[in-house]
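Peer 1: First the structure, then my questions, so here it is.
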Amino acid sequence: MSTISVTVNGRTYQSDVEPRTLLVHYLREQLNLTGTHIGCDTSQCGACVVHINGQSVKSCTVLAVQADGAEITTIEGLAQNGQLHPLQEGFWEKHGLQCGYCTPGMIMSAYDLLQQNPNPTEDEIRHGLEGNLCRCTGYQNIVKAVQYAADKMNGSGNSPGE
Amino acid sequence: MTTVTKMVGQSLKRREDPKLITGKGNFLDDIKLQGMSHAAILRSPYAHAKINSIDTSKAKALPGVIAIFTGDDMMDINPLPCAWQAGRVQNNANTPRALSAGKALYAGDGIAMVVAENRYIARDALDLIEVDYEPLPVVVDAKKATEAGAPQLHENAPNNICMTWDCGHKDATDAAFSSAEVTVKEQIINQRLIPTPMETRGALARYDEATGEFTVWMTSQAPHVMRLLLTAFVFGIPETKLRCISPNVGGGFGQKIFCYADMAFTMWAARKLGRPVKFVEDRSENYRSSTHGRDHITDVEIAGTKDGTITGLRIETWANLGAYLSTIAPGIPTTLYGRIATGVYKIPAAYCKVHGVYTNTAMVDAYRGAGRPEASYLIERMVDRFAAEIGMDPAEVRRKNFIQPSDFPYDNGMGLLPYDSGNYEPALDRALAMVGYADFRNEQAEARKQGKYLGLGISSYVEICGVAPSAWIGLPGEGWGAGLWESANIRVHLTGQVVVTTGSLPHGQGVETTFAQIVADELGVPYESVLIEHSDTAGTPFGYGTYGSRSLAVGGTALYKSVAKVKEKAKKIAAHMLEANPADIEYADGKAYVKGSPDQAKTLGEIALQASVAYSLPEGVEPFLDETTYYDPPNCTFPFGTHIAIVEVDGATGMVAIKRYVGVDDVGNPINPLIIDGQLHGGIAQGIAQALYEHGVYDENGQLVSGTLMDYAVPNAAMLPNYELDRTVTPSPVNPMGVKGAGEAGTIGSAQAIMNAVIDALAPFGVKHLQMPATAERVWRAMQSH
Amino acid sequence: MIPGEFQYFAPTTVDEAVSLLQQHGEDAKLLGGGHSLLPAMKLRLTTPAVLIDVTKISDIKGVSVNGSVTVGGGATYHAVASNDAVRSACGVLADCVAQIGDTQVRNRGTIGGSLAHADPAADLPAVALALGATITAQGPGGARTINADDMFVEMLTTALEPNEIITSVSFPRLGAGAGAAYEKMRQPASRYAIVGVAAYVKLGSDGNVAEARVAVTGAGPKATRQDATEAAITGTNGDDAAIAAATDKAGEDMDYLGDIHASEEYRRAMVKVYTKRALAKAIAQARG
């Protein structure tokens, strides 16, 4: 067992973990933050994407011990003061989700994308989300959702995404 | 709020979403129970092997391991049932057990179960179990499995044949071919696919020793059916001793309809150990051991005249069913395939023969579209082959042979109930117009001169949704061992809140939203005051579940009818309250009033209050507004449409790029266009994925080579196009709302649009057919060899 | 989905990491970005007893551009791809790493990890070969440099000693008259290269190709220089005919691997197609 100290969604935790504990298992099972999902075992699907120190990572391919001292943001930490993040709003408005299983990871990846590139083209959105698989939507409405959020975050008018 | 806006037809955003976008969903693996233990399964690495012995002693000694069980331990429960013994399965319906004993029939067959304090220990223990396997010869190809000398899987299935089934008219078809002006023959393979819902499958079982009751949380599209199968067939206990709950389900696509070993072994172990037992598949486990889809090898011939009239269709298919029969496997390549093989065309003579075959592979069962994508791919490829053969425009061949609006209801001669309705030409015309068909051929010719290979592919499809009625689909007819009706209960509480319980259960389809839209309109109450409850056998009426695009056409109609019953009762109570004759009462916009006096109305809330407190009810009227309907439709519904793809093939590499994708679908009256388009998008994505990317590949030893997402190419956002959609509306006459179903149409319509486009692009190379997926190498080879 | 048990160390200096490697010998594996190692451990394809996490060693994370481009072994792909100085000094390096995996892989995966793992389908080895990169490794005896040409020995095997760690990799600055490109056909599921070709050319004062290096990854068991192609293009004017002639010689003398995504025969053909594309792009770039 190793003791780690991590700040998740603004709250600091001291926890004992096995070295082999995957970050995703730590978040889900020790911290009960079950919004981060597991969809594969080879780092393809992106259902487990969270941010470590502001960068999106696949939490199934990071050991919890490696996150010692880090700031982590999960889907649960995105809405502030009960106010949905523009990406969450965008996914809702544009029907960017169906079963919702990939959605937390998809949103966290889109969040990274918009940090890097606040005005992405459709093509840049599609390529920026290459690390996330969705089986329900065929992605078109996910692209619209990200466009909605980009527009809203850039403050360009009242009818984002149209 | 008394004025009610019409909800049906509006693109309402979904009420399901707030919890899903904030990480507050409740999926199976999110559930923790007091004392919960974790299961892991040891799976056979061999595709066919005799199991001489299993030594679990070392694994049992690992600290944290609670117990280890093998197939022999679980002989007190029965094998899983096959519920749809279509296709004349005769005494050889070999189904899996909770754990296999003595023999493993595919790589991934479960043979031992570890239960441990946590999933890490459970996994570690698997490596300590020692098994003495005796490998046996393997066969993975459905056609080869039927040949002399092939390895045999089941003693009761000589030549591995589970069933031989046919439909249509053999003699008439043979005659049509012998007198045909033109015939075209092809071998068409519909490759094996792995459904890949983003959430894998699993089960969490709890047993209450005091009451003898089980509760199982499961990733299921049909918990009521699972309850029935697990109690009556597997455990032999009263149905009431099991409660099945589907929490949020992370996509199904067919794979989560079925009764699986994990449901049985978690229940068995929970009872044995007195602790809850959870099992959740890894992705690679899901790939090896949950059901796959498609996997047909088909010899197909089409006959016609030189001027483009199709006169005959003859099909022989070898359908790979895998090592055992999954729950509804035999129905997929028969009822849902052969009977719709003639598609949107009037074909006077058609015949389809299907061999259902056991092989040393994972079980094959319904995957989105289930039989219908295989059928529509076949006919739409052959229509293109025929058009090319006679040098006619493929759009015109389609137009010339379409079933005409005046032909409905239309009997296609394949043993299906009559197509309920259709009007195929407007959808074709609209799609052709959207894609700019008139100009495309010039553009294509110009592009070819510059060494660019453009191709356009048309797919005009029809499918079967809301499969019913029970009297047809059931044992007397198609072999489905139950009914296919659906249920809805509606209660108007004292406060005017409306609670609906339904046997349908959504796992992404937006049923909570669309059902509430229907109730709000029909009952004239605010959308916000309608609650839709589902997915728990405690508290919902029996229902057959959500698959086959049936929730709206069947479940939604049950709901619609329950609403009508509530209104009738409300009118009686209102008449009493208004001291009027019930026959004079009208119900509109949530109010009941005497005809001509809407100002003297009683609102539904007032009526519900009266019905609940029951101080003063008319003679013979029971308290409370509470009505249930079990709706068994008189027929299926038949959505249709035309999809057109334009692709460009890289002449040097064979890589295919999709330039345009147009779809015009007719799913009947739309309830929520936003949700319909979402269903179509996702469906099309899965069809494109079949055409270009996905392939479940076994090697000759029965190892699943495409065993992880590193080798099975589920497309990401950059691999799929924008979908340009439009619709025509031909209301179904089968149900009062005129709805049909939209969940599978996209998948059924799309793969052949892409493949026809790829093959059209390759016309300068003389390519006439190409098997799916059209990978860069496969396309490149086609260009090299011509 | 669950790795086997191991002992975990997170040294903060290279010396510490090297001594841990010495101490644990073959039982130990270095953990960088982990996107090759951890999935393999989760599938129990490998079960190392000791993991030495090198991601906490800040000394090997730097990216600097002076006379050459020097990238720490622990620098992530993202750190390289998003570095403007790298992009202007050695665009092909930034382009190549920007095509690896996906955003999340690039946020974790490291330059040193890619070269040390030597996956036959990894992108970076081709660019390292084409650019003549120099790899600096530190072991118990101190630091040494390895030329990229000597680095890739066979499938998943490099010239690194078991107790060495890549501390930095040096790539040349592409000055005037030089051009380089990386062209890749992706395996659609894994996003690794089915075939990837990196080409570097330097033009002489006469405008002809004075120097060329071409390397292929993805097609065979290891990334491989294309000597015959390089010889064929060198001294030519680099026009379409010269590129075509040089391309004809690509991939003739190397081993191939086939799998469900691409046969050996197809890879052989694609080596030529992508060599042509990479060479054409590199020459166009060299001409400015």
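Peer 1: For the stretch B:325-434, which whole-number percentage of the solvent-accessible area (1.4 Å probe, protein heavy atoms only) is attributable to carbon and sulfur atoms?
Peer 2: 51
Peer 1: List the residues of the stretch B:671-707 whose accessible area drops by at least 20 Å² when all protein chains are present, compared with their chain alone, using a 1.4 Å probe and counting only protein heavy atoms.
Peer 2: B:Leu674, B:Gly678, B:His681, B:Gly682, B:Gln686, B:Val697, B:Val705
Peer 1: To continue, here is another question. Using 0.36 nm per residue of separation minus the Cα-Cα distance, give me the extension gain between B:Arg88 and B:Thr211 in nm, one decimal.
Peer 2: Using 0.36 nm per residue and subtracting the Cα-Cα distance, I get 40.2 nm.
Peer 1: Any chance you could run the full-extension gain for B:Asp584 through B:Glu396? It's 0.36 nm times the residue separation minus the Cα-Cα distance, nm to one decimal.
Peer 2: 62.1 nm
Peer 1: Residues of the stretch B:255-282 losing 30 Å² or more of accessible area relative to the isolated chain, 1.4 Å probe, heavy atoms only?
Peer 2: B:Asp282
Peer 1: Separate question: Evaluate peptide B:508-517: per residue, the Cβ atoms of other protein chains within 10 Å of its Cβ; return the mean as an integer.
Peer 2: Working: counts 8, 3, 2, 0, 0, 0, 0, 0, 0, 0.
Whole-number average of other-chain Cβ neighbours for B:508-517 is 1.
Peer 1: Please work out the C-alpha center-to-center distance from the stretch B:231-296 to the stretch A:31-67 and express it in whole Å.
Peer 2: One Cα centre to the other: 26 Å.
Peer 1: Now a separate question. Rounded, prolate or oblate: which fits the stretch C:7-56 when a ≥ b ≥ c are the square roots of the eigenvalues of the alpha-carbon gyration tensor, with rounded for a/c under 1.5 and prolate only if a/b beats b/c?
Peer 2: Verdict is oblate for the stretch C:7-56.
Peer 1: Round to a whole angstrom and tell me the spacing of the C-alpha centers of the stretch B:484-563 and the stretch B:166-223.
Peer 2: The distance from the Cα centre of the stretch B:484-563 to that of the stretch B:166-223 comes to 26 Å.
Peer 1: Which order do peptides B:638-649, B:202-213 fall in by mean Cβ count within 10 Å, highest first? Please report the intermediate quantities before stating the final value.
Peer 2: Numbers: B:638-649: 28.3, B:202-213: 18.0.
Taking the mean over residues of other Cβ atoms within 10 Å, the ranking is B:638-649, B:202-213.
Peer 1: Straight-line reach from B:Lys24: which aspartates and glutamates have a Cα under 14 Å away, not including same-chain ones fewer than 8 places off?
Peer 2: Hits, sequence-local ones excluded: A:Glu76, B:Glu16.
Peer 1: Right, something else. Could you compute how much accessible area chains B and A hide from each other, both sides summed, with a 1.4 Å probe? Nearest 100 Å² is fine.
Peer 2: 4500
Peer 1: How far apart, in nanometres, would the label points at C:Arg144 and B:Glu186 be if each is projected 7 angstrom from Cα along the Cα-to-Cβ direction?
Peer 2: In this crude label model, C:Arg144 to B:Glu186 measures out at 6.1 nm.
Peer 1: Under the definition of Cα pairs under 8 Å and six or more residues apart, what whole-number percent is the relative contact order of the stretch A:2-77?
Peer 2: It rounds to 41 percent for the stretch A:2-77.
Peer 1: Using 0.36 nm per residue of separation minus the Cα-Cα distance, give me the extension gain between B:Leu33 and B:Glu528 in nm, one decimal.
Peer 2: 175.0 nm
Peer 1: I'd like the FRET efficiency for B:Ala232 and B:Asp632, computed as 1/(1 + (r/R0)^6) with the beta carbon distance as r and R0 of 22 Å, rounded to 0.05.
Peer 2: 0.55
Peer 1: At 7 Å along the Cα-to-beta-carbon direction for both B:Asn159 and B:Asp76, put a label point, then send me their distance in nm to one decimal.
Peer 2: Label at B:Asn159, label at B:Asp76, 4.3 nm between them.
Peer 1: Cut-off 11 Å, label point 7 angstrom out along Cα-to-Cβ of C:Glu161: give me the residues of the stretch C:21-59 whose amide nitrogen falls inside.
Peer 2: Counting only backbone N, you get C:22.
Peer 1: Sticking with this structure for a sec: For the interface of C with A, what's the total buried accessible surface in square angstrom, probe 1.4 angstrom, rounded to the nearest hundred? Write down the numbers at each step before the final one.
Peer 2: Details: alone 12650 and 8550 Å², together 18700 Å².
In total, chains C and A hide about 2500 Å² from solvent.
Peer 1: Something else about it: Counting Lys +1, Arg +1, Asp -1, Glu -1, what net charge surrounds C:Pro221 among other residues with beta carbon under 9 Å of its beta carbon?
Peer 2: -1
Peer 1: Which residues of the stretch B:769-786 show a drop of at least 40 Å² in accessible area when all protein chains are present, compared with their chain alone (probe radius 1.4 Å, heavy atoms only, ligands and nucleic acids excluded)?
Peer 2: B:Glu777, B:Trp780, B:Arg781
Peer 1: Could you name the lysines whose alpha carbon sits less than 24 Å from that of B:Lys185, not counting residues in the same chain fewer than 8 places away?
Peer 2: Leaving aside lysines fewer than 8 places away in the same chain, those within reach of B:Lys185 are B:Lys143, B:Lys144, B:Lys170, B:Lys306, B:Lys346, B:Lys353, B:Lys400, B:Lys768.
Peer 1: Okay, moving on. If packing is taken as the average count of other Cβ atoms within 10 Å, what order do B:452-462, B:710-720 fall into, highest mean first?
Peer 2: Highest mean packing first, the order is B:452-462, B:710-720.
Peer 1: Per DSSP H run of n ≥ 4, the term is -39500 (n - 2.57); total these for chain C, divide by its residue number, and report the mean residue ellipticity at 222 nm rounded to 500 deg cm²/dmol.
Peer 2: -9500 deg cm²/dmol
Peer 1: Next up: What ³J(HN,Hα) values, in whole Hz, does the Karplus curve 6.51 cos²θ - 1.76 cosθ + 1.60 give for the stretch B:403-419 when θ = phi - 60°, with x put for Gly and Pro?
Peer 2: Working through the residues one at a time gives 5, 8, x, 6, 7, 8, x, 10, 9, 7, x, 9, x, 8, 5, x, 4 Hz.
Peer 1: Continuing with the same structure: Please report the relative contact order for the stretch B:478-553, taking Cα pairs under 8 Å with a sequence separation of at least 6, and give it as a percent rounded to a whole number.
Peer 2: Result for the stretch B:478-553 is 37 percent.
Peer 1: Next question. Calculate for chain B the 222 nm mean residue ellipticity that helices alone would give, adding -39,500 (n - 2.57) per DSSP H run of length 4 or more and normalising by residue count, nearest 500 deg cm²/dmol.
Peer 2: -7500 deg cm²/dmol
Peer 1: Still on this structure, please answer the following. Using the heavy atoms of the protein chains alone and a 1.4 angstrom probe, what is the accessible area of the stretch C:7-56 per residue in square angstrom?
Peer 2: On a per-residue basis, 42 Å².
Peer 1: So if we plug the beta-carbon distance of B:Tyr615 and B:Ala471 into 1/(1 + (r/R0)^6) with R0 = 35 Å, what FRET efficiency do we get, rounded to 0.05?
Peer 2: Efficiency computed from Cβ-Cβ geometry: 0.20.
Peer 1: Give me a single rounded figure for B:124-134: the average over its residues of other chain Cβ atoms within 10 Å of their Cβ.
Peer 2: That average works out to 1.
Peer 1: Quick check for you: which residues of the stretch B:400-416 have the amide N under 16 Å from the point 7 Å beyond the Cα of B:Asp429 toward its beta carbon?
Peer 2: In the stretch B:400-416, the label zone of B:Asp429 (backbone N under 16 Å from the point 7 Å along Cα→Cβ) covers B:400-406.
Peer 1: For B:Val729, project a label point 7 Å along Cα to C-beta. Then give me every residue of the stretch B:739-755 with its amide nitrogen under 14 Å of that point.
Peer 2: B:739-740
Peer 1: For labels at B:Ala538 and C:Ser58 in the simple 7 Å Cα→Cβ model, what's the distance in nm?
Peer 2: It is 5.6 nm.
Peer 1: Still on this structure: So, for chain B, what is the accessible surface per residue at a probe of 1.4 Å, expressed in square angstrom?
Peer 2: Values: 24980 Å² over 786 residues.
Result: 32 Å² per residue.
Peer 1: Ok, one more. Please compute the average number of Cβ atoms from other chains found within 10 Å of each residue's Cβ in peptide B:547-556.
Peer 2: Counting other chains' Cβ atoms within 10 Å and averaging over B:547-556 gives 0.
Peer 1: Show the residues, 5+ positions off or on another chain, whose built amide H is closer than 5 Å to the amide H of B:Leu505.
Peer 2: B:Thr546
Peer 1: Order these peptides, C:234-245, B:255-266, by their mean beta-carbon neighbour count within 10 angstrom, highest first.
Peer 2: So the peptides C:234-245, B:255-266, ranked by packing, come out B:255-266, C:234-245.
The values are calculated or read from the model by the stated rules, or taken from the named source; none is laboratory data. Since the structure is predicted, the reported quantities are computational estimates derived from the model, not experimental observations. Heads up, the Cβs are rebuilt from the backbone with ideal geometry, glycines too, and the neighbour counts pull from every protein chain shown. In case anyone asks, the SASA skips ligands and DNA or RNA and just uses the protein heavy atoms, side chains included. Shrake-Rupley method; radii C 1.70, N 1.55, O 1.52, S 1.80 Å.
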